Amino acid sequence: MLSRESFRIISMTLIDRPVQLSDTTRQPPPRRPWRRWHITLITLAALFLAALLATVGLLWYYAQDLPELSQLQNYQPSLVTQVYSSDQQLIGQFFIERRILTPLAQIPEHLRRAVIAVEDVRFFEHPGLDYIGILRAAWTNLRRGGKVEGASTITQQLARSLFLSSERTFDRKVRELVLAYKMELVSTKEQILETYLNQIYFGQGAYGVASAAQSYFGKDLAGLTVAEAAFLAGLPKSPNHFSPFKNYARAKKRQEHVLERMEEAGFLTSAQREEALAEPLSFRRPGSEQTAPYFVEYVRQLLVAKYGEAMVYKGGLRIKTTLNLGMQRAAEAAFKTGLREIDKRQGWRGPLRTVDPATLTTGNQPVATIDQPLAIGDEREAVVTKSGKDVFWVQIGNVSAKLLIDDMAWAKRRLTGQDLAKDIAVASTPKQVLKPGDVIEVKIKKIDKEQVYVQLEQTPLVEGGLIALDPDKGAIRAMVGGYDFNRSEYNRAVQAHRQPGSAFKPIIYATAINQGMSPASVVLDAPVVYEQVEEEKTWKPENYGKRFHGMVSLRDALAHSHNLATVRLLDKVGIKNVIEFARQVGITSPLSADLSLGLGSSSVGLLELTSAYGVFLNQGNRAEPFAIISVTDNAGEVLEQEDVQTQEVLSKETAYLITNMMEDVVQKGTGQAAKSLGRPIAGKTGTTNEFINAWFIGGTPNLVAGIFVGFDDRRSLGETESGAHAALPIWITFMKEALRTLPVVPFTIPEGITFVKVDPSTGLLNTEQEDQPGNVEIFARGSEPTQAVQRRSDPMDFYKIDQPE
């Protein structure tokens, strides 16, 4: 055993000697403390990861209810339906969004480059989101202290236009970014650019570049210059703000900015930019005068009835019509001028309004400042400033003009009411007609270097209609439905039904010819009274002028429009037969089954009666009037193609005989003024009781036209305003222009027509003696007279026989 001392020694030894431990039991050294940058780095990484996850989650959330991108692949925007004349001139458009879908290849390169330069210069480099552009725009806006540059790419703008609203919210912006990225995945850059250029809004109701080119410059895309393309490219950012019609200087500055961006992008040289900048821009003003508005509306109604409103307003149809634009312009000009002349004969209704003459010396003009230069023929409002001995001075905006007394002489007849017979006052001096402060209508008559001369005008209240057809095909070549479409859209050429008066008489005379009578057949023109049993009263027709002519030939009765002879003829051929004949040649309106039908008492439409005349001029062949030649959809597929078909409803002989009789209306009857046209013309005037309606319908083998004039409320046009006086001058003015491009064609004489010398008073064969009076008349073979006239012996005949030779 160890002693106590020994244990103490051993213990001290162990304490003083270090203990040797194995490597497996050694304690680790203490850790170093984390430095601050370590903590910062880890924190930032965690925040980035959290932000990334939040962003991904946010994008995933907003991507769940995004619209399908199939709409982009099958892009079918609302397109404009375009209406063209027969010579391919654009005359009308129907649309909700005025857009003309155009392939990218047909969009000029300089226009594509202009849009890319100003909207998204890195378009072909980014994946739908331009991060460099975002940074550049942020830096630019920071430097300039406000938002002066955007960062939305073309793809983003297209996504917004196609799928999203224009509201400025965070949700919409996120959806726009997601859509733009997805669109780049499913579409090529070219597809996106093409859709963008067709979709985006350019102002003035124009969607897409093709519609914008027409709206602002009145031309197709192929005709755009670099200057015009740069202007259009600057519009989408804010079409209203950069409108040249609101602030031309601002619009020009925007164009300059686009040209600068094009140069920066390498699309233009400096010289090309300067040249484009110096080029003057000629804009087509909004709200310019409509072309053939009544005809275009007539076509619209036909299309809607057949294809429905959705197809017409959104389908992008291409409509080729029968309208001849030159004839249409001639019709509108003749109609407008003619109604003004009628209105002036009725009398002056006074100034439009009156302003305080004192304001005329303060510089405050009572009429609008001129925004366009004056031109001869312009119709403007003017204010009378002072009067002289033989002149009035008027102000047109900021231009002073002279109104000579001779150019307002018609206004001495002052109309104080609607009764043209009673409500009349005649001014003794010009100062009773006008005074300072009167606002009037004037037409620019003459412009000298230092002086403008005007004539007094007045917008007519009288209305009417005009229609022109190709009698061979039935194609409508011109249509005027009233004085002003903006004042009244009621189309009197096709919708109005008015009494035609004597213009209906050729239907009656043609019925008689069709029954075997001839132009030489005679009828009594003398007083007659008819009893109207149902109404228990009598009817006594009268001739114009209340004169009687005894026995007259059908030719003369029609040429001079003898009412009594016509009523007797109607009684002879039968009312029922006349109505059936009228249906045969195209009259569809209800017709009165009484003898007043002979005087044109039944109201008919201008189009149907003009078409019936076309049957006569076209050798008895009827062609249904039509306005549309073809309809093509936006893919080029033909939906409709007119197949003109004519039907023989009269014999050629009957048609020629009545036509020849109507030629005499022009040669020696009520339509003699039309002889001035210098070519074969057949037609007939028409006037109704109390001069309420005035008509003339007539034409040549290649054009037939009809016109009527009358108030909508069916009051009198005024004494002497007959068809020959009120309607025929308008018809002549129109036809003089319309026939310029058409050849002179005589009416074809059918083989079944024979020529026979007849006694004019009896219609019987004349004797063969050359010295006996007689007329050479035409007949349908088999209807010529066989009985010779029996003449009374004249004692002078024996005296002549006894005289030596």
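The values are calculated or read from the model by the stated rules, or taken from the named source; none is laboratory data. Keep in mind that what you see is a predicted model, and the values were worked out from it rather than measured. Cβ placement follows ideal geometry from the backbone for every residue including glycine, while neighbour counts extend to all protein chains displayed. Surface accessibility is based on the protein's heavy atoms, side chains included, excluding ligands, DNA and RNA. Shrake-Rupley method; radii C 1.70, N 1.55, O 1.52, S 1.80 Å.
Of all residues in segment 601-621, count the ones that are part of a helix (DSSP H, G or I), farther than 28 Å from Gly752 by Cβ and open to solvent by less than 10 Å² (accessible area, probe 1.4 Å).
1
Does Thr81 meet the test of being modelled with pLDDT of 70 or more, polar (S, T, N, Q) and closer than 21 Å to Thr188 by Cβ?
Taking the combined requirement at face value, the residue does not satisfy it.
Is there a residue in segment 651-662 that is over 19 Å from Ile508 (Cα atoms) and either open to solvent by 10 Å² or more (accessible area, probe 1.4 Å) or in contact with a strand residue (DSSP E or B) (Cβ under 8 Å, 6 or more places away or on another chain) (or both)?
no
Failed condition for Phe734, given (1) over 25 Å from Val604 (Cα atoms); (2) touching a residue at least 24 places away in the same chain (Cβ under 8 Å), with all others met?
Going through the list (1) over 25 Å from Val604 (Cα atoms); (2) touching a residue at least 24 places away in the same chain (Cβ under 8 Å), Phe734 breaks only (1).
Look through segment 76-114, keep the residues that are part of a helix (DSSP H, G or I) and touching a residue at least 12 places away in the same chain (Cβ under 8 Å), and return whichever of them is farthest from the chain's Cα centre (by Cα).
Ranking the qualifying residues of segment 76-114, first place goes to Arg113.
Residue by residue through segment 119-148, note down the ones that are modelled with pLDDT of 65 or more, aliphatic (A, V, I, L, M) and either open to solvent by less than 70 Å² (accessible area, probe 1.4 Å) or on the phi > 0 side of the Ramachandran plot (or both).
Val121, Leu129
Among strands (runs of 3 or more DSSP E) lying entirely in segment 350-427, which contain 2 or more residues that are surrounded by 17 or more Cβ atoms within 10 Å (Cβ to Cβ) and either β-branched (Val, Ile, Thr) or modelled with pLDDT under 85 (or both)?
Passing ranges, in order: 379-387, 391-396.
Quick check, is Val528 open to solvent by 20 Å² or more (accessible area, probe 1.4 Å), out of contact with any Cys (no Cβ under 7 Å at 6 or more places or on another chain) and aliphatic (A, V, I, L, M)?
Taking the combined requirement at face value, the residue satisfies it.
Can you tell me which condition Phe708 does not meet? The list is (1) assigned to a helix (DSSP H, G or I); (2) hydrophobic (A, V, I, L, M, F, W, C); (3) crowded, with 24+ Cβ neighbours inside 10 Å, and all the others hold.
It fails just one condition, (1).
Within segment 509-587, considering only helices (runs of 4 or more DSSP H) that don't extend past its boundaries, which have at least 3 residues that are without any contact (Cβ under 8 Å) to a residue 12 or more places away in the chain and of a type in the set (S, T, N, Q)?
Per the criteria, no element qualifies.
Every residue in segment 622-636 that is under 30 Å from Pro77 (Cα atoms) and either in contact (Cβ under 8 Å) with a residue 40 or more places away in the chain or surrounded by 17 or more Cβ atoms within 10 Å (Cβ to Cβ) (or both), please.
Scanning segment 622-636 gives Ala627, Ile628, Ile629, Ser630, Val631, Thr632, Asp633, Asn634.
Could you tell me which of the residues Tyr248, Tyr298 is hydroxyl-bearing (Ser, Thr, Tyr) and either open to solvent by less than 40 Å² (accessible area, probe 1.4 Å) or at pLDDT 95 or above (or both)?
Tyr298
Within the group Ser488, Ser518, which residue is among the polar types (S, T, N, Q) and either surrounded by 17 or more Cβ atoms within 10 Å (Cβ to Cβ) or closer than 30 Å to Gln619 by Cα (or both)?
Ser518
Which of the residues spanning segment 663-692 are of a type in the set (Lys, Arg) and open to solvent by 50 Å² or more (accessible area, probe 1.4 Å)?
Of everything in segment 663-692, those that are of a type in the set (Lys, Arg) and open to solvent by 50 Å² or more (accessible area, probe 1.4 Å) turn out to be Lys668, Lys675.
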